[in-house]
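No lab work stands behind these numbers, since they all come straight from the coordinates. What you see is a predicted model, and the numbers here were worked out from it, not measured in a lab. No Cβ is skipped: glycine too gets one built from the backbone with ideal geometry, and neighbour counts run over all protein chains shown.
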Amino acid sequence: MYFEIRPIAWYLLLAALPLLASTSFAQTRDLGTKGELLDRVAAVVNEGIVLQSDLDEQVTLISQRLSAQKLEMPPQNVLRQQVLERLVMQELQMQRADRGGIRVSDEQLNNALRDVAARNNIPLAQLPTALESQGIDYAAYRDGIRKEITLQMLRQRDVIARINVSPRELQQYVDKQSKLPSNDNEYNVSHILIAVPQAATPDQLDAAAKRSDDVYQQATKGEDFARLAVQFSNSQTALDGGTLGWRKGPELPTFLAELVAKMKAGDVSEPLRTPSGYHIIRLNEVRGNTQTIVEQTHARHILLKPTELLDDATVKLRLEAIRERLLKGEDFGAIAQATSEDPGSAVEGGDLGWTGPGTFVPEFEQTLQALQVDEISQPFRTQFGWHIVQLLGKREFDSTDELRQQRAFAQLRESKADEETELWLRRLRDEAYVEYKL
């Protein structure tokens, strides 16, 4: 039994950091001359660090995984540099999340752990014992999950929420997708990114172009694509063999959609230039998707956000008081307009319209699915703040123009997310102070 939660592809489980404290000069001097070196700094990242113990642990874990997957191991120095750069990028993101006040509540964390246990068909109470049987410390595992959710929330705030989709762009996208057979297909895609700095010199551009062509030639001559990704790719998916996983056609990154639609399983594309660098694509497999009917829900909600002055407990109490007013007959729409902090729905009285599965974050959808029509939920927490939601109706809905528009908006935004994430990560890296110590 293997326990895993992967809200985003670049999750690493970090061990607890060793702590060494000195109580006097004499003790410090004695430790320095006679003691054993416990750890070293692998990299300085702004005001933070990456420890060699973390680097060694991750190199070992990834080596074991690559070996279990029967992937050819890259040279040790290449693997260590790939892992170190990933740890640096994680540290940069965690620093940004901390500065931005992003916090994962215990309730969110427990919900994620409950999902892990459910996927492995065990109660949450048995999860620590099951993890221990695999040699995994439960406290460290919880910290790792909390960290991954934090990174997911940061990406949602800094990347996804800032992707704009204009009405004209949406209509053009719908028209284009209606002419492509890929709407009903899913694609298993892998890719290699040869990154290009934002202010690249001609020599750097030429070197990246030559390297991408060399990797492409190796891939077309039968070299294992996953091994090439581990060794050469600068993408966050490199250590996963470059895999993007299964994507519905419209959910593919924008710059790949038309290219992949023309490929057959097993094909490798020529290097494709984008602002983030050169991409080499391999289409691993294609499968059809015949589902056409979805269950939609109609709901409205009120959102309140914690601040430095209003903690979670205070906000929750405010929503409980609002819920009591609603149960006594006050108008939901009027209260939502006056109090809700969701700019998209507040002006509509909190109305979220008819939506299909996958529209909302898991905590919201789970709460919504548990409600009866007209029932108002107790306050609950998501990454956006505290909500109460009322279910107004449910219906079985075919793939009409309205549904296609809703799907198209989500797909178009998601298709931009990979490229925007890579550019965002490059900017974080370019603006950071990083000093390697090894």
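Below, the figures for the structure above:
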read-out	value
Relative contact order, percent, the chain [alpha-carbon distance under 8 Å, six or more residues apart]	19
Nearest-20 debye value, segment 333-438 charge dipole, Cβ charges on Lys, Arg, Asp, Glu	240
Size of charge dipole - segment 352-402 - debye, nearest 20, with Cβ of Lys, Arg +1 and Asp, Glu -1, no other charges	260
Shape parameters for segment 356-438, alpha-carbon atoms, Rg then Dmax in Å	19.5, 61
Nearest-20 debye value, segment 40-160 charge dipole, Cβ charges on Lys, Arg, Asp, Glu	280
Charge tally in the Cβ shell below 11 Å around ALA219, where Lys, Arg are +1 and Asp, Glu are -1, ALA219 excluded	-3
Ordering of 164-173, 278-287, 108-117 by burial proxy (mean other Cβ atoms within 10 Å per residue, highest first)	278-287, 108-117, 164-173
Estimated FRET transfer efficiency when R0 is 22 angstrom, pair ILE163-GLU348 (beta carbons, to 0.05)	0.50
Candidate aspartates and glutamates - alpha carbon under 15 Å from LYS221, same-chain residues fewer than 8 apart omitted	ASP213, ASP267, GLU270
Those aspartates and glutamates that a straight Cα-Cα span of less than 17 Å connects to LYS394, excepting residues fewer than 8 apart in one chain	GLU295, ASP351, GLU365, ASP374, GLU375, GLU402
Leading residue at positive end of dipole, segment 294-397 (Cβ point charges), from ILE376, PRO343, GLY353	ILE376
Taking segment 155-259 and dividing mean pair separation by its residue count, relative contact order in percent (alpha carbons under 8 Å, at least six apart)	35
Signed unit charges on C-beta, dipole axis of the chain, positive-most listed residue LEU51, GLN93, GLN64	GLN64
Cross-link partners of LYS147 among lysines (Cα-Cα below 30 Å; sequence separation of 8 or more within a chain)	LYS70, LYS248, LYS305, LYS316, LYS416, LYS437
Segment 301-406: equivalent-ellipsoid semi-axes (sqrt of 5 x gyration tensor eigenvalues, Cα, Å)	24, 15, 13
Largest-first principal axis extents of the Cα set of the chain (Å)	74, 65, 44
